[in-house]
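Take a look at the structure set out below.
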Amino acid sequence: MKKTRKILSLVVVMFLIILAGCGGGSSTTSNESGGQTYNFKLTHITQESHAWHLFAEKFGEELNQRSDGRMNLEIFPAAQLGPEKDMVQQLETGSLEFAILTGQYLATRVPAFDAWNMPFLFETLEDSLKATETEPAQKMLDEISNQGIKGLGYMFAGNHHLLLKGEPIKSMEDLKGKKVRIAGGKAVIDFWTKTGASPVAMGLNEVYQALQTGVVEGVSVDPSGLYTEKFQEVSDSYVLTNQMAFPGAVVMSSTVYEQLSPEDQQIVEEAVAAAEEWGKKELLRLDKENLELLRNELEVVELEDRGSFDKLRNEIYEEYSSDPLIKEFIEENKK
């Protein structure tokens, strides 16, 4: 009988140990050489064919290669782990290790990120990508740290143009009364409201049905996001406005980062940097390729009267320059 009790006690202890190993956060074990192995998770809001997912796959490859197989990455696309608000909560607790968060969402938590939402600041996607290397752009990543998450780098979705049901607009005047979907952010709402449009904030996964049913008449969206989400199926025209950049920030849970050894922290940072450099080239390729594909399905036109937005653009620059970092960013990139 005593022997039976000992066996049962041993089984219970082993079961509790197993349960403890199944807790939240990254799974870690020791390999034969004594180094930690990690099974990380990363999530983002876009589909698997989008540049962000391709970046995530490249990041996973870099992590695995640079750590000699100790670091593995599982990717959850299309907001499978919840909307961005939920992602941040999981990052704060350490139950999620990595995410790509939209600049427009981050602007609701880190006001300086509204610098990226300044209208008509960049003429091309190449200009937007170069801006990530500037000092004010890097300062914005540092400010994310106050949110319990660590900013590691940037991965763009592209520059936003205007997708419409019906005829393309020619000037700002044509926007009056139009319901336009936006991702959010104070500066974005201010811009669209002052054009005379009615901005409607909603998640990316809600947009297709909203266009289909007429809840919105237009969408501020980049070519890759448009094409991969198939919005062209329920729209008619795409006006190449380049009204604002749409960056994503690659972030990590500060809780998890601080638990890594200095050597492993360096591996993570170098893996992000390598994937970011690769991702910029891939995004430029995809942006051009998707735009050409869209020309076969939509009326794609250049904005005819760009000057009609000049007065509003300058007003918004002046208003948001009260934030020193936004002012620095505008001055750094304004042409």
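The values are calculated or read from the model by the stated rules, or taken from the named source; none is laboratory data. Note that the coordinates shown come from a computational prediction; the quantities given were computed from them, not determined experimentally. Here Cβ is always computed from backbone atoms with ideal geometry, including for glycine, and neighbour counts include all displayed protein chains.
Here is a check on your reading of the model: is Glu289 loosely packed, with under 15 Cβ neighbours inside 10 Å, more than 21 Å from Trp192 (Cβ to Cβ) and under 23 Å from the mean Cα position of the chain (by Cα)? So Glu289 fits the description; yes.
Does the stretch 88-135 hold any residues that are closer than 18 Å to Gln147 by Cβ and of a type in the set (D, E, K, R), and which are they? Those that are closer than 18 Å to Gln147 by Cβ and of a type in the set (D, E, K, R): Glu92, Glu97, Arg109, Asp114.
Take the residues in the stretch 92-119 that are touching a strand residue (DSSP E or B) at 6+ places or on another chain (Cβ under 6 Å) and assigned to a loop (DSSP other than H, G, I, E, B); name whichever of them is surrounded by the most Cβ atoms within 10 Å (Cβ to Cβ). Here the answer is Leu96. Of all residues in the stretch 206-236, those being surrounded by fewer than 22 Cβ atoms within 10 Å (Cβ to Cβ), in contact with a Leu (Cβ under 8 Å, 6 or more places away or on another chain) and of a type in the set (Gly, Ala, Ser) number 0.
For the stretch 58-99, a residue qualifies if it is charged (D, E, K, R) and either within 15 Å of the chain's Cα centre (by Cα) or under 24 Å from Ala183 (Cα atoms) (or both), and the qualifying residues are Glu84, Lys85, Asp86, Glu92, Glu97.
Would you confirm whether or not the stretch 9-16 contains a residue that is buried (at least 19 other Cβ atoms within 10 Å of the Cβ), of a type outside the set (Phe, Trp, Tyr) and either at pLDDT below 95 or assigned to a loop (DSSP other than H, G, I, E, B) (or both)?
First, pick out the residues of the stretch 9-16 that are buried (at least 19 other Cβ atoms within 10 Å of the Cβ): none.
No.
When the stretch 315-335 is examined, which residues are found to be surrounded by 13 or more Cβ atoms within 10 Å (Cβ to Cβ) and among the polar types (S, T, N, Q)? Selection gives Ser321, Asn333. Residues in the stretch 307-335 that are at pLDDT 95 or above and either of a type in the set (D, E, K, R) or touching a His at 6+ places or on another chain (Cβ under 8 Å) (or both): Asp310, Lys311, Arg313, Glu315, Glu318, Glu319, Asp323, Lys327, Glu328, Glu331, Glu332.
The selection criterion, being part of a helix (DSSP H, G or I) and touching a Gly at 6+ places or on another chain (Cβ under 8 Å), does not hold for Asp86.
Total residues in the stretch 162-186 satisfying the condition of being buried (at least 22 other Cβ atoms within 10 Å of the Cβ), small (Gly, Ala, Ser) and either modelled with pLDDT of 95 or more or closer than 22 Å to Leu294 by Cα (or both): the figure is 1.
Yes or no, residue by residue, for (1) in contact with a strand residue (DSSP E or B) (Cβ under 6 Å, 6 or more places away or on another chain); (2) part of a helix (DSSP H, G or I); (3) surrounded by 16 or more Cβ atoms within 10 Å (Cβ to Cβ):
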site: Tyr238; (1), (2), (3): yes, no, yes
site: Thr241; (1), (2), (3): yes, no, yes
site: Gly248; (1), (2), (3): yes, no, yes
site: Gln265; (1), (2), (3): no, yes, no
site: Glu269; (1), (2), (3): no, yes, no
site: Val272; (1), (2), (3): yes, yes, yes
site: Trp278; (1), (2), (3): no, yes, yes
site: Leu284; (1), (2), (3): no, yes, yes
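Taking each residue of the stretch 205-221 that is touching a residue at least 40 places away in the same chain (Cβ under 8 Å) and looking for partners that are among the polar types (S, T, N, Q) with beta-carbon atoms closer than 8 Å, six or more apart or interchain, yields Leu211/Ser235; Val219/Ser235; Ser220/Gln243. When we screen Gly34, Gly69, Gly60 for residues that are at pLDDT 95 or above and in a loop (DSSP other than H, G, I, E, B), the only hit is Gly69.
Any idea which residue in the stretch 311-335 is farthest from Ser128 (Cα to Cα), counting only those that are touching a residue at least 60 places away in the same chain (Cβ under 8 Å) and touching a Ser or Thr at 6+ places or on another chain (Cβ under 8 Å)? This residue is Leu312.
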